[in-house]
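Notes to accompany the following structure.
We did not get these values from a lab; they are worked out from the coordinates using the rules stated. What you are looking at is a predicted structure, and each value in this text was computed from that prediction instead of being measured. Using ideal geometry, Cβ is built from the backbone for each residue, glycine included, and neighbour counts are taken over all protein chains shown.
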Amino acid sequence: MKHVSVAITQEPHAQDLPLPAYESDAAAGMDLRAAVTEPLTIAPGARAMVPTGIRIALPAGTEAQIRPRSGLAIRCGISMVNSPGTIDADYRGEIQALLINHGQEDFVIERGDRIAQMVIAPVLQADWEPVDTLDDTVRGEGGFGHTGV
């Protein structure tokens, strides 16, 4: 497993919370915790920005992807509106998770709850090369669902 050093600070309202952590040796994502000061209820169909209490300084050429937690998705219908959310290497604000409740019942977030996961990934930037035509492929212009069910 390759490692990268990432600077991190905790907001004053999150000093008592643990830093993001991998929950197993081969985990790709580390859990982010809710840095709410009081319980936060997300009604069915509603969205909420949930603070994590952390700021990071990623190395150039990397991003942090903020993703839903599969357990919350299957048990409660909790996901992210912009999944995955991208944290660019030059962003220095507090990381927040934009959660949505696709479930049937209110979802209550308590301080310290694991609400999302963060994956650190490499990034490539494109240098556009304008051409007159693109090369042919077997797929060609086949779009959504073109290969069948």
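Post the alpha-carbon centroid distance, segment 1-52 to segment 108-149, in whole angstrom.
24 Å
Over all directions, average the projected area of the Cα convex hull of segment 48-127 and note it in nm².
5.9 nm²
Given a Förster distance of 35 angstrom, what is the FRET efficiency for L124 paired with A43, based on the Cβ-Cβ distance and rounded to 0.05?
Using R0 = 35 Å, I get an efficiency of 0.35.
If I build a Gaussian network model for the chain, linking alpha-carbon pairs within less than 10 angstrom, which residue out of L134, L40, L32 has the largest mean-square fluctuation?
L134
Please report, in debye to the nearest 20, how large the charge dipole of the chain is about its Cα centre when each Lys and Arg carries +1 at its beta carbon and each Asp and Glu carries -1 there.
About 520 debye.
Arranged from highest to lowest average of other beta-carbon atoms within 10 Å per residue, in what order do the peptides 75-87, 115-127, 135-147 appear?
Details: 75-87: 16.5, 115-127: 14.8, 135-147: 7.2.
Ranked from most to least packed, the peptides come out as 75-87, 115-127, 135-147.
Using R₀ = 25 Å, calculate the FRET efficiency as 1/(1 + (r/R₀)^6) where r is the Cβ-Cβ separation of A73 and L19; round to 0.05. Please list the in-between numbers first.
Working: r = 24 Å, r/R0 = 0.95.
Approximately 0.60, to the nearest 0.05.
What FRET efficiency do you get for I8 and E105 if R0 is 30 Å and r is their Cβ-Cβ distance, rounded to the nearest 0.05?
For R0 = 30 Å, the calculated efficiency reads 0.30.
Here are a few candidate values for Kirkwood radius over Cα pairs in Å: (1) 15.3; (2) 17.5; (3) 15.7. Which one was actually calculated from the structure I just gave you?
This structure yields the entry labelled (2).
Listed highest first by mean packing, meaning other Cβ atoms within 10 Å per residue, what order do 62-71, 98-107 come in?
In descending order of packing, they fall as 62-71, 98-107.
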